[in-house]
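Report on one structure; see the data block that follows.
The values are calculated or read from the model by the stated rules, or taken from the named source; none is laboratory data. As the structure is a prediction and not an experimental result, all values here were calculated from the model. Neighbour counts run over all protein chains shown; Cβ positions are idealised from the backbone, glycine included. Just the protein is used for accessible areas: all its heavy atoms, side chains included, with ligands, DNA and RNA removed. Shrake-Rupley method; radii C 1.70, N 1.55, O 1.52, S 1.80 Å.
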Amino acid sequence: MSSIPFLDLRAAYLELKEEIDAAVARVMDNGWYILGEEVEAFEAEYAAYCEAQYAVGVGNGLDALRLALLAMDVGPGDEVIVPSNTYIATWLAVSQCGATPVPVEPDPATYNIDPQRIEAAITPRTKVILPVHLYGQPADLDPILALARRHGLRVLEDAAQAHGARYKGKRIGAHSDAVAWSFYPGKNLGAMGDAGAVTTNDPELADCVRVLRNYGSRMKYQNEIMGWNSRLDPIQASILRVKLKYLDEWNLRRAAIANFYYCFFSGNQEIILPTILEWVQPAWHLFVVRCSRRDDLQKRLARIGIQTLIHYPIPPHLQPAYVNLEFQAGSFPISEQLAREVLSLPIGPHLDLIQLELLLEKFSA
């Protein structure tokens, strides 16, 4: 029986094989395998794409978050406001700086952090607000930025799932103090291994991340601060340069699949479709529905050949990694309900829409 995988990474490579192979060969022939011109070229191109002044390539998305927080002078004793409904990497970056993540519940409609709930979580120890553009839908930034200005706080966006998304007409990339990106292979803009970046309009912050990623050094054997080894690999940079040219086109393919799902499931009483606000343009990294009988729905779709995933089955506050924060079941009921009900349908840019429609006809039969 034919089937639809959740995401076909090999198809993405095959479509661009000639260009990607040539880009990798260019790096190999060049002989410069750490940082260098290929990374600098990608940084310039990605900054321009994101409508930001600076982009700094780093080793992965978690490092992008952590190094951006360190560049904002976040450390032990500080608090960072994070969504209660997110992938654990957002929290881990805070903890790895020695700071404490302070969770805030999402808006039940959009699943992103609820700006109306943030102020109650601010304390004298709060240093940064860290919204996540979950599933590729931008969080509501204007009230978050206004709140941060009133309280003298900085804002770092986690845009690991939002490559190409827009908020009120402007691309995600420089609305706040800094934006952290992941180029994990499954992302809308994915490398062929781990990779990440920080974009910003702040020259001092960009410079600090640049130093932090390279052992705290600008000049070899001169270390200004205690830094990290987290440099974007030139081979990955060369692949990202190729894929960046196709990002908008591939996002349009994702949007077409999203539109198909809205049409197909319209009127289905058991499935709650995503709520998209009029002032955002999602990247459609994921198409996440809700269902009170989620596990049954997943099995029904599997039987007709459609692979689905759950993003995410356990919220961070209930993970064993955060037992020290002493949260209990029921501490964040909205996030816990979402974890029981969400299901991600396949929406990759190489999904065969005709085949998907044929399979889903069996769903309704």
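Some points to look at:
- Residue match in region 208-227 (condition: within 20 Å of residue 82 (Cα to Cα) and either open to solvent by 60 Å² or more (accessible area, probe 1.4 Å) or without any contact (Cβ under 8 Å) to a residue 60 or more places away in the chain (or both)): no
- Condition check for residue 184: within 24 Å of residue 57 (Cβ to Cβ), of a type outside the set (Asp, Glu) and modelled with pLDDT of 95 or more: yes
- Hey, residue 193 within 20 Å of residue 280 (Cβ to Cβ) and surrounded by fewer than 19 Cβ atoms within 10 Å (Cβ to Cβ) or not: no
- Only one of the numbered conditions (1) more than 30 Å from residue 10 (Cα to Cα); (2) without any contact (Cβ under 8 Å) to a residue 60 or more places away in the chain; (3) buried (at least 21 other Cβ atoms within 10 Å of the Cβ) is not met by residue 178, and that is (2).
- Test: residue in region 74-92 that is under 18 Å from residue 209 (Cα atoms) and in contact with a Pro (Cβ under 8 Å, 6 or more places away or on another chain): yes
A quick yes/no check of all residues on (1) closer than 11 Å to residue 4 by Cβ; (2) buried (at least 16 other Cβ atoms within 10 Å of the Cβ); (3) of a type in the set (A, V, I, L, M, F, W, C); (4) touching a residue at least 24 places away in the same chain (Cβ under 8 Å):
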| site | (1), (2), (3), (4) |
| --- | --- |
| 309 | no, yes, yes, yes |
| 315 | no, yes, no, yes |
| 318 | no, yes, yes, no |
| 324 | no, no, no, no |
| 328 | no, no, no, no |
| 336 | no, yes, no, no |
| 345 | yes, yes, yes, yes |
| 352 | yes, no, no, yes |
| 361 | no, no, no, no |
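- Verdict on residue 249 being surrounded by fewer than 19 Cβ atoms within 10 Å (Cβ to Cβ), of a type outside the set (A, V, I, L, M, F, W, C) and under 23 Å from residue 159 (Cα atoms): yes
- Within region 131-163, the set of residues being surrounded by fewer than 24 Cβ atoms within 10 Å (Cβ to Cβ), within 21 Å of residue 202 (Cα to Cα) and among the charged types (D, E, K, R) comprises 142, 149, 150, 154.
Yes/no matrix, rows are residues, columns are (1) over 29 Å from residue 334 (Cα atoms); (2) of a type outside the set (Lys, Arg); (3) surrounded by fewer than 19 Cβ atoms within 10 Å (Cβ to Cβ); (4) at pLDDT below 95:
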| site | (1), (2), (3), (4) |
| --- | --- |
| 20 | yes, yes, no, no |
| 33 | yes, yes, yes, no |
| 53 | yes, yes, yes, no |
| 77 | no, yes, yes, no |
| 90 | no, yes, no, no |
| 93 | no, yes, no, no |
| 104 | no, yes, no, no |
| 110 | no, yes, no, no |
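- Answer residue from region 101-139, given it is among the hydroxyl-bearing types (Ser, Thr, Tyr) and touching a residue at least 60 places away in the same chain (Cβ under 8 Å) and is farthest from residue 272 (Cα to Cα) among those: 135
- Considering the conditions (1) more than 14 Å from residue 63 (Cβ to Cβ); (2) at pLDDT 95 or above; (3) out of contact with any strand residue (DSSP E or B) (no Cβ under 6 Å at 6 or more places or on another chain), residue 205 is excluded by exactly one of them, (3).
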